[in-house]
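First the structure, in the form of C-alpha cells, and then the observations on it.
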Amino acid sequence: MNVLKFGGTSVGTVESLKNVRSIVEALPSDTVVVVSALGGLTDKLIATARLAADGGDWRSEADAIADRHFVIIEELVRQERKEATLSVVGALLDELRRTYEGVSLIGDLPSKTLDVIVSLGERMSAPIVAGIIRNGHLHNSLEFIKTEKWFDKNIADAALTRQLIIDEFSDIDDGPHITGGFISQDRDSGEITNLGRGGSDYTAALIAAALDADMLDIWTDVDGFMTADPRIIKDARVLPAMSFIESMELCTFGAKVIYPPTIYPVFHKNIPIRILNTFNPEAPGTLISDTSCADEYPVKGVTAIRNSCLVRMSGHLTENVARINTRAYNALARNGVSVFLLAQPGENHEFSFAIAMADRQAASRALNEEFAPELIDGALDGISFEDNLSIIAVVGEGIKRLKGIDGRILNTLQRLGINPLACSEGHSDTTSSFVVDEKDTVESIKAIHGLFF
Ligand code: ADP
Ligand code: ASP
Ligand code: MG
C-alpha cells in the first residue's frame, strides 16, 4: 500500500482538489491520504490570531476563512456527504470564532491557544477531502499522532504513535483513508499540539513507516526535487533520483520541499519517497531511495538556511580541538540547540558553530555554563555571536570525488566579493557548507548553482 500526502497548494482550490480526487480515486482502496490545510490557510489563521490579540478586525478575516471552506464544500463534496461535512466544518468554524473572540478579549495570544487555532486548518481540510473522494474514510490524527515535550518543543513520541497508527489502520481495505497532517496531541496533557510548520510531510512518513508502506508519495506544486529553490533559480532542474541521505541533507539545509524530520522514519524502513506534482501528474517526479545515482549527478543541489548566527569562542584553550567541539556540541544538544555547521578552527584556536538565530539565548546559556571554568580562569576570552547570516550548502554523494570542490566554491564567491565567514570542518561525505552574510544569500546560491549546473 502507498501513503500519499497532499500539501496546501494541492488542496487549496476547487481546481486543484479535482486533481487530488482523480489521483486518489485511481488508486487501490487501501491507500492512506494525508492532507494539509487549504493553501496559505495556516499563515492566515496565525495572522488573524495576531490581529485579534492586537484588537484588530478579525471578524471579516474569519468570515473569509469560512467562505473559502464553504465554497469548496458546495462545489465538490459528494451530495450524500454534504450535510454532514457542513455540520462538522461549521462546528469547527464556530470554535475558531470563539477562540478568536477570547484572544481579542484578553488581548493576548498564549502559545497553547495558537496551537488550537492552527490545528483547525487540518481539522477542517481532512473531512472536506474525505467528503470529496469516493468512499473516503476519515481518520482523526489527534487520536494517533502523539507528542511529548522536549525543552520548549513538541516532538513525536515515535513508539506510542507507531502503535496507535497500527491500531487505527489495522483494517484498511475499505478506503481510501484520509487524515489531517501536521496536528497532534500531547500524550500526557491531551492538549492539541503540532509537528511544526510543514509537518504534514512528517505525519505521512510516520504513517508510512508504521504501516510498512511500499511508497510515500509527496504531492506538491513542482515537478520534483530541484537543484535549487525554483523561486530563486529560475532554471533549476528537476532531479530524477537522489538518496535518502542527500534529501535529508538538502532539507536540513533549507530545501523547503520536504520537512526535514520526514525522511528518517521512512529511510529507517527503506520505504522510497516520490516527489510528484498534483498539477502535472504525468511528470515522473523524483525518486528518493537508498541509491544516489552519483555518477550522473555528483552534486544534487544548493540550498541555504537563513536566519542563522555564528557562535564564536576564542582564547587559549589547551584541550584538543575534538574535545572542545564535543563539549560544546553536547552542551548545545542538551539544551535543545542543533548545530548546523561546525567551522574549521580559525587562527588563535577560535572555535565557531552555526546555529539558528532563534536558539541564540539557549546557546549562550549552555556554553557559558559548560565553559564556566575556562571563562573564569581566562583560558577563554569570551563567547560572542554574529547575527544575520546564512549557511549555504552544496549537497551530493558525489562531491567527495570532485577534486578541490571547496576551493572552487570559495573562488567563485570571492570573485563576487563575497567572503565566507566560516567553512565547515572538512566536509561530510555529502555536504560542503559555508557561512555568508544573509544579504549575500541569493547571489551566493546563484553563483554556486551556476558552477555545477
Ligand atoms: P506543500 O504545500 O505541497 O507542502 P511546500 O511549499 O512546503 O509545498 O514545498 C514546495 C515548494 O518548495 C515548491 O513550490 C518550491 O517553491 C519550494 N522549494 C524550495 N526548494 C526546492 C527544491 N530544491 N526543489 C523543489 N522545490 C523547492
Ligand atoms: N498546514 C501546515 C503548515 O502550513 C502544515 C503543512 O502544510 O505541512 O505549516
Ligand atoms: Mg510543505
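Read-outs: derived from the displayed coordinates by stated rules, not from any lab. These numbers come from a predicted model, not from an experiment. Positions of Cβ are backbone-derived with ideal geometry, glycine not excepted, and every protein chain shown enters the neighbour counts.
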Relative to the chain, whose Cα atoms define the longest principal axis, helix 41-53 and its Cα axis are tilted in degrees, nearest 10, by 80
Quick note on TYR264, TYR100, ordering by fewest other C-beta atoms within 10 Å, gives TYR264, TYR100
Fully extended contour minus Cα-Cα distance, from ASP212 to ASP174, at 0.36 nm per residue: 11.9 nm
Cα long-axis angle, helix 111-132 against the chain (0 to 90 degrees, to the nearest 10): 50
Kirkwood-based Rg over Rh for the chain (C-alpha set), two decimals? 1.00
Test of understanding: what is the full-extension gain from ALA47 to GLU319, defined as 0.36 nm times their sequence separation minus their Cα-Cα distance? 93.0 nm
Filter the trypsin sites (Lys or Arg not before Pro) in region 371-419 down to the DSSP loop ones having no more than 11 other Cβ atoms within 10 Å, then list what survives. LYS403
On a C-alpha basis, how far is the centre of region 11-87 from the centre of region 123-141 in Å? Whole number, if you could? 11
Fewest-first ranking of SER384, SER111, using other Cβ atoms within 10 Å as the exposure measure: SER111, SER384
Hey, what angle do you get for helix 200-210 against the long axis of the chain, alpha-carbon based, 0 to 90 degrees rounded to 10? 80
Go ahead and run the numbers for FRET between SER60 and GLU148, Cβ-Cβ distance against an R0 of 45 Å, rounding to 0.05. 0.70
To the nearest 0.05, what FRET efficiency results for ILE166 and PHE385 with a Förster distance of 45 Å applied to their C-beta separation? 0.50
Using Cα pairs closer than 8 Å and at least 6 residues apart in sequence, work out the relative contact order for the chain, in percent. 14
Residue separation between GLU296 and PHE453 times 0.36 nm, minus their alpha-carbon distance, gives in nm 55.3 nm
Quick one: check the C-alpha center-to-center distance for region 338-389 versus region 206-280, whole angstrom. 33
Going highest first, how would you order 209-221, 40-52 by mean Cβ packing within 10 Å? 209-221, 40-52
Efficiency by 1/(1 + (r/R0)^6): what FRET value for LYS439 and LEU105, r their Cβ-Cβ distance, R0 = 56 Å, to the nearest 0.05? 0.85
Do any trypsin sites (Lys or Arg not before Pro) in region 128-193 lie in a DSSP loop with no more than 14 other beta carbon atoms within 10 Å, and if so, which? ARG134
Expected sort for LEU109, LEU416, LEU17 with the fewest Cβ neighbours (10 Å cutoff) up front is LEU416, LEU109, LEU17
